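Asks: One structure, as structure tokens, below. Some questions next.
The values are calculated or read from the model by the stated rules, or taken from the named source; none is laboratory data. Small disclaimer: the values here were computed from a predicted structure and weren't measured. Here the Cβ positions follow ideal geometry from the backbone for every residue, glycine too, while neighbour counts run over all protein chains shown.
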Amino acid sequence: MHTITIICYLQFGYHNTIYYMAKYLKNYNFKVVCWDYGYKKVSMENVEVKYVPRKSNKIIRQLEYFKEIIKEILNNESDIYYLYYMKGIFFIKLLFPFKKFILDIRTGSVNRITFLRKILNKLLYFESLFFKHVTIISESLRQKLGISRHKSYIFPIGAEVLSDSNKKSGDINMIYIGTLTERKIKDTIIGLANFLDSNSQKESNIKYTLIGVGDYNELDDLKELVAELELDAVVNFAGYVHHKDIQQYFDNANIGVSYIPITEYYDIQPPTKTFEYLLSGLVVLATATTENQKIINNSNGILIQDNPSSFQKGIETLCRNITSYDPEVIRNSAKKYKWENIIKKFADYILNI
């Protein structure tokens, strides 16, 4: 059995790419060095995890983490060392120039300050120069960062089928799943309220469930907005829902909301939620980011702008046409985004590096 050592500061089991890599690469054993965030431990038969405590201040714990990485590479031989990008990671390549490394880039900087965002992306590009092999989440991000095509492999994000139920109902049951932080989710609630007002009704055959939490009390703020708009009977907040409990929400929904602000830093990020909705047969109401435009078409959803008025018009369109969508056609439009298919292609890539 070949061995891959994965260096990823996110706790194992809470980073989709790493989790599904371990799940579907059956011919490999995995060693993972990650921080211990105190989440419930996830175990797999072929995965050995080294948890690093998050103690002390940011600088000291970062140094401790790098020390554990170095110890792991010194003491255990692997066929490949797969490094999830973090600032300073190029030092690992300098210390072990003859090891076989892959640098993985899942995102560019999403800092809202333009100057800082550009500096951080330049730093990422600089560190990538030290690596012969780079995996990156999308072609759009590769171009933005300026990373060489000849050493890059596009390793996209994927999704699993979370529901296989087929519903053709005239009722509208929308779900949003994901972070509430800096996603302008209040636009969707205001847009929904405007739609209901324009139809002279506050309660109807429409339900909207939001699954997720935020970093800065966004959940409480949104609940206050719903109460103010008198939408308590329409909008439901599920909060954080563990992956194993998510199916019921997808079974009961027929529309997935992929509301991502159309900004420079979010525009080129492939949206996990869009893939999850499509593979579960849900029609997708999506903002027209560059990546969503590559996925959404007339057979599986509609594209809107990131404002309440456009969200309202999107609901109006879906209310008229919801029964015309075929869940199986929607699923088939996203087959290539299934994690199993993505990992199979990745397996061929690592055999040839």
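Asks: Among the candidates THR188, THR179, THR209, THR135, single out the residue that is touching a Ser or Thr at 6+ places or on another chain (Cβ under 9 Å) and of a type in the set (S, T, N, Q). Reasoning before the result, please.
Replies: Values: THR188 fails: touching a Ser or Thr at 6+ places or on another chain (Cβ under 9 Å); THR179 fails: touching a Ser or Thr at 6+ places or on another chain (Cβ under 9 Å); THR209 fails: touching a Ser or Thr at 6+ places or on another chain (Cβ under 9 Å).
Just one listed residue meets the conditions, THR135.
Asks: Ok, one more. Select from the stretch 5-38 the residues that are in a loop (DSSP other than H, G, I, E, B) and closer than 24 Å to LYS87 by Cβ and list them in ascending order.
Replies: First pass over the stretch 5-38, keeping only residues in a loop (DSSP other than H, G, I, E, B): 8-15, 25-27, 37-38.
Matches in the stretch 5-38: CYS8, TYR9, LEU10, GLN11, PHE12, GLY13, TYR14, HIS15, TYR37, GLY38.
Asks: Please work out if SER258 is assigned by TED's automatic domain parsing to the domain that holds ILE189 and farther than 20 Å from THR107 by Cβ. Explain how you work it out, then say what you get.
Replies: Details: assigned by TED's automatic domain parsing to the domain that holds ILE189: yes; farther than 20 Å from THR107 by Cβ: no.
No.
Asks: Counting just the residues of the stretch 214-228 that are under 23 Å from THR287 (Cα atoms) and hydrophobic (A, V, I, L, M, F, W, C), which one comes out surrounded by the most Cβ atoms within 10 Å (Cβ to Cβ)?
Replies: VAL226
Asks: Right, GLN293: more than 30 Å from LEU141 (Cα to Cα), surrounded by fewer than 21 Cβ atoms within 10 Å (Cβ to Cβ), without any contact (Cβ under 8 Å) to a residue 24 or more places away in the chain and not β-branched (Val, Ile, Thr) or not? So that I can check it myself, show each step before the final result.
Replies: Values: more than 30 Å from LEU141 (Cα to Cα): no; surrounded by fewer than 21 Cβ atoms within 10 Å (Cβ to Cβ): yes; without any contact (Cβ under 8 Å) to a residue 24 or more places away in the chain: yes; not β-branched (Val, Ile, Thr): yes.
Taking the combined requirement at face value, the residue does not satisfy it.
Asks: Related question: Which of the numbered conditions does PHE250 fail, given that it passes all the others? Conditions: (1) out of contact with any Gly (no Cβ under 7 Å at 6 or more places or on another chain); (2) crowded, with 17+ Cβ neighbours inside 10 Å; (3) farther than 18 Å from GLY170 by Cα.
Replies: Evaluating PHE250 over (1) out of contact with any Gly (no Cβ under 7 Å at 6 or more places or on another chain); (2) crowded, with 17+ Cβ neighbours inside 10 Å; (3) farther than 18 Å from GLY170 by Cα leaves (3) as the failure.
Asks: In addition: In this structure, is GLY146 touching a Lys or Arg at 6+ places or on another chain (Cβ under 8 Å), of a type outside the set (Val, Ile, Thr) and at positive phi? Give the steps one after another, and end with the answer.
Replies: On the way: touching a Lys or Arg at 6+ places or on another chain (Cβ under 8 Å): no; of a type outside the set (Val, Ile, Thr): yes; at positive phi: yes.
Taking the combined requirement at face value, the residue does not satisfy it.
Asks: Taking the condition of being in contact (Cβ under 8 Å) with a residue 60 or more places away in the chain and not in a strand (DSSP E or B), how many residues in the stretch 133-153 meet it?
Replies: The total comes to 6.
Asks: Of the residues ILE342, ILE322, ILE330, which single one is at pLDDT 95 or above, more than 30 Å from MET1 (Cα to Cα), hydrophobic (A, V, I, L, M, F, W, C) and assigned to a helix (DSSP H, G or I)?
Replies: Working: ILE342 fails: more than 30 Å from MET1 (Cα to Cα); ILE322 fails: at pLDDT 95 or above.
Sole residue among the options that is at pLDDT 95 or above, more than 30 Å from MET1 (Cα to Cα), hydrophobic (A, V, I, L, M, F, W, C) and assigned to a helix (DSSP H, G or I): ILE330.
Asks: For the stretch 87-125, which residues satisfy the criterion of being more than 24 Å from the chain's Cα centre (by Cα), free of Cβ contacts under 8 Å to residues at least 24 places away in the same chain and more than 12 Å from ILE7 (Cβ to Cβ)?
Replies: PRO97, PHE98, PHE115
Asks: Please work out if MET86 is out of contact with any Ser or Thr (no Cβ under 8 Å at 6 or more places or on another chain) and outside any helix (DSSP H, G or I). Let's see the steps before the verdict.
Replies: Details: out of contact with any Ser or Thr (no Cβ under 8 Å at 6 or more places or on another chain): yes; outside any helix (DSSP H, G or I): yes.
So MET86 passes the test.
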